[in-house]
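Everything below concerns the one structure shown next.
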Amino acid sequence: MKTKSSVKIFICAVILVLSCATVLYAGVGGGVEGKEKVDIISLIKWTLIFLAGLGTVFGLGIAFAAKRFAVEIDPRVEKVVDVLAHAHCGACGYAGCEQYAEAVVKNPDVSPNLCIPAGAKGAEAVARITGKIAEIREPQFARIMCQGGSSRSVKRFTYEGVRDCRAAMLAGGGDKACRYGCLGYGTCSRVCPFGAIAMTDDNLPFVDITKCTGCRKCEQACPTKVIEVLPASKQVLVTCHSKDKGGDTRKNCEIGCIACGICVKVCPFDAPSLENNLSRIDISKCKVCGQCALKCPTKAITDFIPKRSKAFVMDNCIGCQICAKVCPVDAPSGELKKKHVINAERCIGCGICTAKCPVQAIDGTFNAPEVFEAAAAKKLKKTDAA
């Protein structure tokens, strides 16, 4: 339809031009002499002259305007754009990659490492182009702060509308009895530009940390705000947002936080606290020991470290017995002022003894678990291949 309309417009334009040329050729006003025949050759010749002149005038006008209103572009902006991820995710705080590139070149206060999807390699490239220093940033991942899938939660009604969380939210605040929980219609998986989120059989999002860049698109799209982008090292979290009273939470979900306060009592670093019927962990205090996750009666606290390193005592141990006093599972043992040993079968890899040892005689890579190292290595390999 558009092609036919264009052809019609073109034909009309040609007829109009020919008509104008005919009028010019034949003469306008008084004394118009009627002619039995029109000289087609002359008509075409004058039409072409007319069009050529018109084109020349417009061409000169456009050239003048382009020169007069031209905006000079710093060549470094284009170079920065070339090394960015081109995801246009907005994680940098700007509308798109071009806007960030222009800002990082022109504004000395804009950091070169704001393009999270481009990673460390992209930050280094931007730093070289702009002459800035790229500070190392800790990777961030999206975390799903809800475990109440279809099999573990209760629904208020059957939703039969568009399979989208935002659309379901318009239907009375969603179909879940817990108004703080994940609705499970996959909006986050569809908006993720990196394919890092997939829906499980229980209608809950699963985040692949080897693909997640922490761009926050899923966080922004979630209508119930159960997605949080957090530092990769903080892997013990209360994966629940319910602020209902404990009894109501139990009715709505099998695995929600009931604000029992056990996590507050067992944490040796005072990281958890209760507020509005919900436990929250202060990630600045949390040492990722996992004690709260072990003691939580409803399993509302998730430990994202599937396997923890075992602690072992080094030769500089002074035998102060502090490790034996703070260990929640009585794994360390030994005589006063003599080197201690740790029972590997009992050790749960919480890292509390390492944090409390006054001479740092207990080793164990607790905060850099194998799963994170493998994910980082896989991501770096993909970046180098690209």
Test: residue in segment 110-125 that is farther than 30 Å from ILE209 by Cβ, over 20 Å from the mean Cα position of the chain (by Cα), part of a helix (DSSP H, G or I) and without any contact (Cβ under 8 Å) to a residue 60 or more places away in the chain: no
message: Can you list residue pairs whose Cβ atoms sit under 6 Å apart, with the first residue in segment 136-160 being free of Cβ contacts under 8 Å to residues at least 40 places away in the same chain and the second being of a type in the set (S, T, N, Q) and surrounded by 20 or more Cβ atoms within 10 Å (Cβ to Cβ)? Count only pairs 6 or more apart in sequence or on different chains.
response: ARG137/ASN113
message: One residue is enough: does segment 260-277 have a residue meeting the conditions touching a residue at least 60 places away in the same chain (Cβ under 8 Å) and either in contact with a Ser or Thr (Cβ under 9 Å, 6 or more places away or on another chain) or acidic (Asp, Glu) (or both)?
response: no
message: Checking the structure you have, find out if any residue of segment 221-230 is farther than 26 Å from LEU274 by Cα and not aromatic (Phe, Trp, Tyr).
response: yes
- prompt: Out of all the residues in segment 125-144, is one or more assigned by TED's automatic domain parsing to the domain that holds THR224, touching a Phe, Trp or Tyr at 6+ places or on another chain (Cβ under 6 Å) and within 30 Å of VAL236 (Cα to Cα)?
  reply: no
message: I need the full set of residues from segment 239-282 which are under 28 Å from the mean Cα position of the chain (by Cα) and among the hydroxyl-bearing types (Ser, Thr, Tyr), in order please.
response: THR239, SER242, SER273, SER279
query: Can TYR159 be described as among the aromatic types (Phe, Trp, Tyr), buried (at least 21 other Cβ atoms within 10 Å of the Cβ) and over 23 Å from ILE283 (Cβ atoms)?
result: no
- request: Go through segment 321-386 and tell me which helices (runs of 4 or more DSSP H), entirely inside it, have 2 or more residues that are modelled with pLDDT under 90, under 35 Å from the mean Cα position of the chain (by Cα) and crowded, with 17+ Cβ neighbours inside 10 Å.
  value: 352-356, 370-385
query: Counting just the residues of segment 76-109 that are among the small types (Gly, Ala, Ser) and in a helix (DSSP H, G or I), which one comes out surrounded by the fewest Cβ atoms within 10 Å (Cβ to Cβ)?
result: ALA103
message: Let me confirm something: among LYS310, LYS299, LYS285, which residue is surrounded by fewer than 20 Cβ atoms within 10 Å (Cβ to Cβ) and either of a type in the set (Gly, Ala, Ser) or under 25 Å from SER153 (Cα atoms) (or both)?
response: LYS299
statement: Screening ILE129, ILE62, ILE136, ILE49 for residues that are among the β-branched types (Val, Ile, Thr) and at pLDDT below 80 leaves only ILE136
query: Restricting attention to segment 57-75, does a residue exist that is surrounded by 10 or more Cβ atoms within 10 Å (Cβ to Cβ) and touching a residue at least 24 places away in the same chain (Cβ under 8 Å)?
result: yes
statement: Listed by first then second residue, the pairs whose first member lies in segment 306-318 and is farther than 21 Å from GLY290 by Cα, whose partner is exposed (fewer than 13 other Cβ atoms within 10 Å of the Cβ) and not basic (Lys, Arg), with beta carbons under 7 Å and at least 6 positions apart or on separate chains, are ASN316/VAL359; ILE318/VAL359
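The values are calculated or read from the model by the stated rules, or taken from the named source; none is laboratory data. In this text the structure is predicted, and so the values were computed from the model without any measurement. Cβ coordinates were reconstructed from backbone atoms using ideal geometry, including for glycine residues, and neighbour counts include every protein chain displayed.
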